[in-house]
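Since every read-out is calculated from the coordinates, none of them should be taken as a lab result. It should be emphasised that the depicted structure is a prediction, and the values quoted were computed from it without experimental measurement. Neighbour counts are summed over all protein chains in view; Cβ atoms, including those assigned to glycine, are modelled from backbone coordinates with ideal geometry.
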Amino acid sequence: MAEPAPQTTDRMTGAAKAAARAAVVTALLCFPVVAYLTVPDAGNKLALVPRFGLAAVCVAVVAAFVFLRGLAGAQTARVMDRIASAFGGIGGMMVESAREAAETGEKGTVASAAGADRQHLWRLVGLVLLGAYPFLALALAGSGGAIKWIDNFGIQILIYVMLGWGLNIVVGLAGLLDLGYVAFYAVGAYTYGLLATSAPLQAAMAEWIGPSFWPLWAFWICLPLAGILAAFWGILLGFPVLRLRGDYLAIVTLAFGEIIRLVLINWVDFTGGYAGISSIPRPSLLGIPFNATPDGFAARFGLSPSPLHRLIFLYYLILGLALLTNVVASRLRRLPVGRAWEALREDEIACRALGIDTVKTKLTAFAVGAMFGGFGGAFFAARQGFISPESFNFMESAVVLAIVVLGGMGSQLGVAIAAIAMIGGTEILRELDWLKRLFGPEFDPTQYRMLLFGLAMVILMIWRPRGLIGTREPSVFLHERKAVSGAHVKEGHG
């Protein structure tokens, strides 16, 4: 019988040692967190419920993963080398084809036109699917299930897509690490909440125009004001941090977000403190409210009253705001201010040497990004009908920043995909009730969403450190638009 090769034996030994170390570390980490569950007993005191089976499953999964990864290490490396060689050959063929097309002056033009047509087709298909999503949810899940799929998935995901695209201007294009983006989100929400519920303003509008004008049109009047005030606060944040970069900028923006939150908590006479602001008017469709009154949407169009009408309207409203954010950000990137943002991201010293005003460049990035955060905050307040400082903590900024980083900084498509994966994945965890049959009736999958989120970030940063979309298309090009690897730019996808 042939003996195993020495390299295979050594690889198995190394993989077994790595798996044992990982199992020990996992067991130590699981012991205080997973192995015991704290629950209140009959005397309203905390009691520890052991869950050693769940801890053992976690240890076994980590050990098996590390062991298999160690075994497949050399083979995976050889496969990746083959793939890289294949792509290298393909790349050489593509370069040679491009050179021949440049000489003939015809093939390159045809290929570019075909690629542009395909991109246009995919964009059109995506827009059609987004537009038909509420009706697809209604057809597949019924009127009861569609409420969950439109609200918890469609509207919630689009809010974070819009926030991610707004922060992408600051972080992805301008390269300014902002950890306080939730402050602009809060400014937009409280701008609409305070103005829409202001008794003197309601009385003045009732006297000048009519009693029903302000509740129906408050959102449409306050929406641009929320964006303008958020942009103003973005400029105020930009002035003190003009000379800061990197970690120092992140610390200051984080402090700014906490200052805004503490002001909202402690200025009780103005913001309501922890009690927040309630009874915020809902947006209307050109003055038509979504209620069961004779003047409501259902009565006007001869429909049966249903909460789906308002949800579908809110879905299309946030879809329009998100698409507006995408269009503005994409157009600005092609303008001189957008190219100045990218130059600032790559090298601020070279940017100054080229004569670019870095002060205006930074301030415009902060202002434009904050404006879209203000729009998102106003929509959030209108959707919820109630806001409080607890909705604008640091975790919101962390989630939006994680969406930008995981998607690929500067990539509009990557941000959208990351928002769908993160926010949609968190909501899907609420539907995994079948796991209670494996781990017991007390098991709640949503308690582990941050653990799974952190694990996904670690895996993705190892697998694709530049984000999901690691290539970028240049803002300007000579003859043909060609994708550039994210490794060739400082902040990834530009």
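Residue by residue, segment 32-40 carries 3J(HN,Hα) couplings of x, 9, 9, 5, 10, 10, 8, 9, x Hz when phi is fed to the Karplus relation 6.51 cos²θ - 1.76 cosθ + 1.60 (θ = phi - 60°); x denotes Gly or Pro. If you take all other residues with their beta carbon under 12 Å from the beta carbon of Ile251, and give Lys and Arg +1 and Asp and Glu -1, the sum is -2.
Close amide H contacts of Leu37 (hydrogens built in the peptide plane, cut-off under 5 Å, sequence separation of 5 or more or a different chain): Val49, Arg51. Cα centroid separation, segment 248-272 to segment 27-67: 36 Å. The Cα center of segment 329-404 and the Cα center of segment 189-236 differ in position by 24 Å.
Taken one residue at a time, the phi angles of segment 318-327 give Karplus couplings (6.51, -1.76, 1.60, θ = phi - 60°) of 6, 5, x, 5, 5, 5, 4, 4, 5, 5 Hz. Gly and Pro are set to x. The residues neighbouring Gly70, those whose beta-carbon lies less than 10 Å from its own, together hold a net charge of +3 under the Lys/Arg +1, Asp/Glu -1 convention. Sequence-ordered 3J(HN,Hα) estimates for segment 184-194 from the Karplus curve with 6.51, -1.76 and 1.60 and θ = phi - 60° stand at 5, 4, 5, 4, x, 5, 6, 4, 5, x, 6 Hz, glycine and proline given as x.
Per-residue extension of 0.36 nm, minus the Cα-Cα distance of Thr38 and Ile235, leaves a gain of 66.3 nm for this segment. Each Lys or Arg adds one and each Asp or Glu takes one away; over the other residues whose Cβ falls under 14 Å from the Cβ of Arg310, this sums to +2.
Amide H to amide H distances under 5 Å link Gly408 with Leu468, Ile469, where only residues 5 or more positions off or on other chains count and H is placed in the peptide plane. Rg ratio for segment 135-208: its Cα radius of gyration over 2.2 N^0.38 Å, N being its residue count, equals 1.64.
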